[in-house]
Amino acid sequence: MRYAETVQCHEAGPLLQTGPTAYHDDAARPSAIAMSDPFADALVAQLPGLRRYATALVGNRALADDLVQDCIERALGQQTQLRDVARLAPWLRRILYHLYIDEIRRRKRRGSECDISELADQLELSAPAPDNSATRELIRAVDRLNMEHRQILLLVSVEELSYREIADELEIPLGTVMSRLARARERLRELMQSETAQVISLADRKASRE
Amino acid sequence: MNNLNAIGDEDLHAYIDGALGEERVAAVRDALAKDPALAARVALFQADKALLKAAYAPLAEHPLPSEWIARAHKKARPQRDWRRAAAIAAAILVVAGTPLAWRYYAPAKSGDVVEEALNARQDGAQGAHYLAANDQARRYDTALRQVVASNVRIPDLSRMGYKFRGLNLYDKAAEIVYQGPRDQLFTLYVRRSDGSTRFDQFERRGLRICIWQDDQISTVMAGNISAAVMQRLATLSYTGLTS
């Protein structure tokens, strides 16, 4: 450890020069000119997590990125409505969710659907070898869940929110969070089993043809 | 299935999520010990939960499009009024006659900030003023602000088990040094930005690197850590630095 030794050698001393370069008044310090915007900084810090949530929720990276971009625009336009910056993450997820609902309605009118295969391929490749086929089955199963079930599973398992935080974010009672989550997990299990059965059945058919 | 009926599905899921009170946890554990089928079912749910977390985790590790970061900062920054701009211009004119003025007002020259950071990390305290960690937190913040010439502070990474060990001060940059839970070194190199924005994560010289740059500061984080840990440390560092 390079620094363990250094710490012992250097007791904290007055190593910084004072005098002309020292600023005793915040207003006179150059940093006061270059101050960054706390909302913008907090927003940027939330973007990696928001993008993950969006992609998992919609099952398509291109659409998720469009939604996050729209979400940034909307958040910047409505930032005065956010009273507590500590609530930024749930506030952004709510905005994103509503944008997605609007997008679903538009797509229904146009009759276009997203393809889950690309995301399943990408995440399958990212997963460690023992987990990659399970990852693919999971992504497909999650895509077949209804929106409520998908959302609550992601909030608990990926975003790691508490039940209380989820109740506040979705504006539903705590009991509803618990019962919805139980149903979502049961449904995911059924779908995972059916995905596995399909994979086995396809493999059997292929083997019998050979 | 008496145990299941007595406990209920919602209790089981709350148990999986660590949301049960101690008394109910004991009741669930007792039921699981007595009912292997129930224990197997809970294990499957736990495996699904872990797989969900692991499967989607890489999605947060992709570099953000730089235009998102630029957009967030561009629109959110409050417009300066002309009086403030004039005051700043006057202040710059007053101090422009001294060499020190340029040191503080000029953006850092564009070079590879990542190489700079890695060289600093490799050289350790050589060529730098070093402030070892003690209890005078304010002193480090002041020193950091003077060198970087921006309103930044030493981020507190103790939530992730990283202890602040000291601060290396260079001419126009600083390296904040942390020691991780398994004695691993994590460094945060900070200097003035050249005005462009950048966010990226990659490996270089055997280290995981994250560069997070806005139009004010460049930060280069380096450590022998996983991408997922870097993602969390980077977020905590950047928000702590600029909060």
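The values are calculated or read from the model by the stated rules, or taken from the named source; none is laboratory data. Note that this is a predicted model, so its numbers are computed, not measured. Positions of Cβ are generated from backbone atoms using ideal geometry, with glycine treated the same way; all protein chains shown enter the neighbour counts. Heavy atoms of the whole protein, side chains included, go into the accessibility calculation; ligands, DNA and RNA do not. Shrake-Rupley method; radii C 1.70, N 1.55, O 1.52, S 1.80 Å.
So here's what we get for this one:
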| quantity | calculated |
| --- | --- |
| Helices (runs of 4 or more DSSP H) lying entirely in region B:79-188 (those with 1 or more residues that are surrounded by fewer than 19 Cβ atoms within 10 Å (Cβ to Cβ) and at pLDDT 80 or above) | B:113-123, B:137-148 |
| Helices (runs of 4 or more DSSP H) within region A:101-194 that include 1 or more residues facing chain B (nearest Cβ under 9 Å) and modelled with pLDDT of 75 or more | A:132-144, A:147-153, A:163-170 |
| Residue pairs meeting the criteria (Cβ under 6 Å; at least 6 apart or on separate chains; first over 18 Å from residue A:183 (Cα atoms), in region B:28-50; second at pLDDT below 90 and in a helix (DSSP H, G or I)) | B:28/B:7; B:31/B:3; B:31/B:7; B:35/B:3 |
| 3 or more residues open to solvent by less than 20 Å² (accessible area, probe 1.4 Å): qualifying helices (runs of 4 or more DSSP H) within region B:1-58 | B:9-16, B:36-56 |
| Test: residue in region B:199-210 that is within 12 Å of the chain's Cα centre (by Cα) and at pLDDT 85 or above | yes |
| Candidate set: region A:48-63, residues that are more than 10 Å from the chain's Cα centre (by Cα) and in a helix (DSSP H, G or I); chosen: the one surrounded by the fewest Cβ atoms within 10 Å (Cβ to Cβ) | A:62 |
| Single match in A:15, A:76 (criterion: within 7 Å of chain B (Cβ to nearest Cβ), surrounded by fewer than 19 Cβ atoms within 10 Å (Cβ to Cβ) and at pLDDT below 90) | A:15 |
